[in-house]
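The values are calculated or read from the model by the stated rules, or taken from the named source; none is laboratory data. Quick caveat: nothing in here was measured; it's all calculated off a predicted structure. Glycine also receives a Cβ, built like all others from the backbone with ideal geometry; neighbour counts cover every protein chain displayed.
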Amino acid sequence: MKLLECTIENYGKWHKTRFVFNGSLTCVCLQNGEGKSTLASFLKAMLYGLESERDNATEKGERSLYYPFSGGAFGGTLTVEWRGERYLIERFFDKKSKKKDTLCVYDGANRQTNALGECVGETLFGLPVEAFERTAFIGAEHTDISLRYGIGERLGRLNLSSGTVEEAVAALKAKRQELRSDRRLLGKYTGKIPQTEEKLVALQQEIFAIEQDEKRLGEAYRTEAELCAVERGQSEIVRTQARLQERNAPIKRGGRWRSLVWAVAFTLLLIGAASCFFEVVLGVGLLAAGALTLLAALFFAIGKREGNAQRSAELARELDEKTAENAGVLSRYGVSTWEEVRSLLSDMRRLVSELESRVVSLPQKRQELSETEAELFRLKEEAEIIDATIAALLEAARRLNGKYLQPMTESFLRYLSLLGADFIGGVALDGDLKVYFESGGARRSSEHLSDGQKSVVELCMRLALLENTYGGELPFCILDDPFLYLDERNLAFAKNALLVLKDKLQIVYFCCHESRKL
Amino acid sequence: MKIIHCADLHLGSSMQTRLSSEKAALRREEICRAFEDTVAFARREGVQAVLLCGDIFDSDCPLLRDRQFFFGVIEQAKEILFFYLKGNHDRALPPPALPNLKTFSAEWTTYDLGEITVSGIELCAQNALSLYSSLTLPSNKRNIVMMHGQVAEVAGENTIAPRFLAGKNIDYLALGHIHFYDEKPLDGRGRYAYSGCLEGRGFDELGDKGFVLIETGAEIKTVFVPRSYRAARLVKLDISGLKSVAETIDRAARIGVAQKDMLRLVLCGEAAFDTEGLENIVYETLKENWFALSVKDETCPALDLAKYRVQVGVEGEFVRLVESVPNADESRKKRILALGLKALSGEKL
């Protein structure tokens, strides 16, 4: 991507001003306060827009800072070359809100186009504005802090890695802690998962207890049924006894008829016997009738007695069996009187009622158990997703760092060489991209470098970063008086380096003193 | 001869749904009424026998009131023969001795009804393997067999292997245990069927419930008779393209399921809004629209991953890393991506 020219309608102190960028190296020498930073801000604003002003902000944003005092259209145009095509970016900004800003992009044929998307800078460079600011803008930073940055911090400051990952992982771990703490408190883990597990155990225990009640209820039902059967059995016994007595009674009740028959039989025999003396035939006939009657009576009496005896024996047997059965049941329960039986039955009924009231809740408890198990599963799944997300984020950060480490080391060393690294001597990078140098056979930290040396080293680091964070075309680079702290000799090296550097990327070089002019 | 085949009443069970205690009590009552209605149907239609293929009660120790209800209905329907085979949930207490109640045991019991026989056996560990060889049925009669268990390739204490019952002169194998109607051929002569339950008790018992009406004649004819008071329905609602919780609720409220029924609503698709708490919000707002409502959130966040894929930074690296994991569940990947990007953006988790 190449800057071709820009026209500032109104932006800060710039008013209807046109800048043409000379190929690969444009030198802008302005005194302090003459608008170098304003120009840099304008270029960034053309590419990335401006943030809206917040009413309660403690510091003014760029929108407020560069809004023209005289009013008028706030913005301008920027012409760039990208992928062999020429584009004119026209932006005007509202005083307060970016929602009211306007953006139009025209292609080389002056037709409006959407080729650069809504966020021009991201389309051109594939980077967010923070990363752009921290790569394309290189000032005279030479602080110890900068040099002590490892790759993680450097990429993090570009919003590329580490910083955001660390915060994200911390937030996820906090979320994870809500589910299950890493450490025990008073011997127990805290969190939703342990709480749910405890609830599950409590429910299981409760259900187990109710299931025992259920078994007892079954026993109680059987006992109640048996005792009721005993009661019914006792009633049956009483009825059987009555029937038995009735069986014996008919012999007495029917005695009158039997006596009559006997009397008739004997009368017939007597009359027959007596008649034999007067009328033999009549007498014999009467005797025969009397004998037959006697025989019939005898036969009937014997038969009925046998029948009665048989039935009585059956009834007696039934009675014995029932009595024995009842006795067996009663002895099993340790009761002997009917009062005790009734009392036991009453106790059983109370127990049944009590157990039923507990057992009736069993289905709901099982349902609650099932729901709790499902909830536990969901929570564990959520925890597992969090763990997987943390692992993926850390791995992404590690890969990102790894992606940059080797190429940045190579770029850094190349730029060091380009800028005359010999004068620094022994400067190298560790595995985390932190700068050190060797002296007296030992590794020394960058704190021991002079300010000038630090400037050069940091500049090389920034250039290496610039070269490696833009996946496609390199952007332009604004160097805002980066050689402020260099002495004459080192400045000469640096200037030469820039002249070589311009072949790689477009440089807009600001300085505020003729001595540092290219 | 008309015969009803039913099973799995599970009298006394809880409803496997989130119901208020009043509704749960009403549902238990309806399950009892379902059996009463079945018997009333039988009396009206001149059904002569009812096959009860197990799990009539939900517990080995059913409450007395449930036993009294069930056996009371049987006792009153004196003109109908009830064949009661116990399942795996109603074993402990023996049934009362009623003149029209025929029971079974761990050995084959056959009742001869003239042209028809009804046989049954209650599965247990001791007979699970031997029962197949000990069944002998006359070839010149219509033979109905009752069992309770899961149909499987392998025979076991709770499984029934129909292939071992092929060629045994079975015309109809009446089964219990599975709570939906299903019928399949047994062999060249007969078939086996699950009648399903009379009323669904939860959202895993979807669809119509009822009993099988069997008519014996030259051949056995069967028809499934759906008779449930309420059905459990499953509806998947895709919320892709909806913009808010309110829109989701509005769409869900217009689902065409009868108010008397029980609805399981599964929210799916890609959500373009924050779905935290969506399940509960939808449930609380709509729970009175149906007899019972269960809401499951199976949505995944709508992510515009295209812009991240080309990014240089950590978001891009993260997205590319997660997407490159082979053989991983897509839904799980989306959850990780959504959570990771949300965390990286600094949004509250």
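Given the structure, is residue B:272 modelled with pLDDT of 90 or more and either under 37 Å from the mean Cα position of the chain (by Cα) or among the polar types (S, T, N, Q) (or both)?
no
Taking the stated definitions as given, is residue B:269 in contact with a Ser or Thr (Cβ under 8 Å, 6 or more places away or on another chain) and surrounded by 15 or more Cβ atoms within 10 Å (Cβ to Cβ)? Yes, satisfied. Could you look through the stretch B:4-37, keep only residues that are touching a helix residue (DSSP H, G or I) at 6+ places or on another chain (Cβ under 9 Å) and more than 12 Å from chain A (Cβ to nearest Cβ), and pick out the one that is surrounded by the fewest Cβ atoms within 10 Å (Cβ to Cβ)? Only one residue fits best here, namely B:36.
The residue that is farthest from residue B:267 (Cα to Cα), among those in the stretch B:296-319 that are facing another protein chain (nearest Cβ under 10 Å) and of a type in the set (A, V, I, L, M, F, W, C), is B:312. Taking the listed residues B:335, B:264, the one that is surrounded by 18 or more Cβ atoms within 10 Å (Cβ to Cβ), closer than 30 Å to residue B:201 by Cβ and basic (Lys, Arg) is B:264, with no other qualifying. Checking A:345, A:394, A:379 one by one, the residue that is surrounded by fewer than 17 Cβ atoms within 10 Å (Cβ to Cβ) and on the phi < 0 side of the Ramachandran plot is A:394 and no other. Highlighted here are the strands (runs of 3 or more DSSP E) found entirely within the stretch A:41-112 that include at least 1 residues which are of a type outside the set (Phe, Trp, Tyr), surrounded by fewer than 13 Cβ atoms within 10 Å (Cβ to Cβ) and in contact with a strand residue (DSSP E or B) (Cβ under 9 Å, 6 or more places away or on another chain): A:102-106.
Checking the stretch A:352-364 against the condition returns a match, with at least one residue being farther than 13 Å from residue A:227 by Cβ, in contact (Cβ under 8 Å) with a residue 60 or more places away in the chain and outside any helix (DSSP H, G or I). Look at (1) over 21 Å from residue B:34 (Cβ atoms); (2) touching a helix residue (DSSP H, G or I) at 6+ places or on another chain (Cβ under 9 Å); (3) modelled with pLDDT under 90 and you find that residue B:217 fails only one, number (2). For residue A:341, state whether it is more than 10 Å from chain B (Cβ to nearest Cβ), in contact (Cβ under 8 Å) with a residue 24 or more places away in the chain and over 22 Å from the mean Cα position of the chain (by Cα). It is true that residue A:341 is more than 10 Å from chain B (Cβ to nearest Cβ), in contact (Cβ under 8 Å) with a residue 24 or more places away in the chain and over 22 Å from the mean Cα position of the chain (by Cα). Taken over the stretch B:323-347, the residue count meeting the criterion of being over 21 Å from residue A:127 (Cα atoms) and within 8 Å of chain A (Cβ to nearest Cβ) is 4. Whether a residue is hydrophobic (A, V, I, L, M, F, W, C) and either within 14 Å of another protein chain (Cβ to nearest Cβ) or within 25 Å of the chain's Cα centre (by Cα) (or both) was assessed, and residue B:85 passes this test. One residue alone among A:402, A:431, A:472, A:452 is modelled with pLDDT under 75 and either more than 28 Å from residue A:508 (Cβ to Cβ) or part of a strand (DSSP E or B) (or both), and that residue is A:431.
Evaluated against (1) surrounded by 13 or more Cβ atoms within 10 Å (Cβ to Cβ); (2) farther than 29 Å from residue B:32 by Cβ; (3) under 26 Å from the mean Cα position of the chain (by Cα), residue B:230 falls short on exactly one condition, (2).
The set of residues in the stretch B:142-165 being surrounded by fewer than 17 Cβ atoms within 10 Å (Cβ to Cβ) and in a loop (DSSP other than H, G, I, E, B) consists of B:152, B:153, B:154, B:156, B:157, B:158.
Being within 14 Å of chain B (Cβ to nearest Cβ), part of a helix (DSSP H, G or I) and either within 44 Å of the chain's Cα centre (by Cα) or among the small types (Gly, Ala, Ser) (or both) is a property that residue A:324 lacks.
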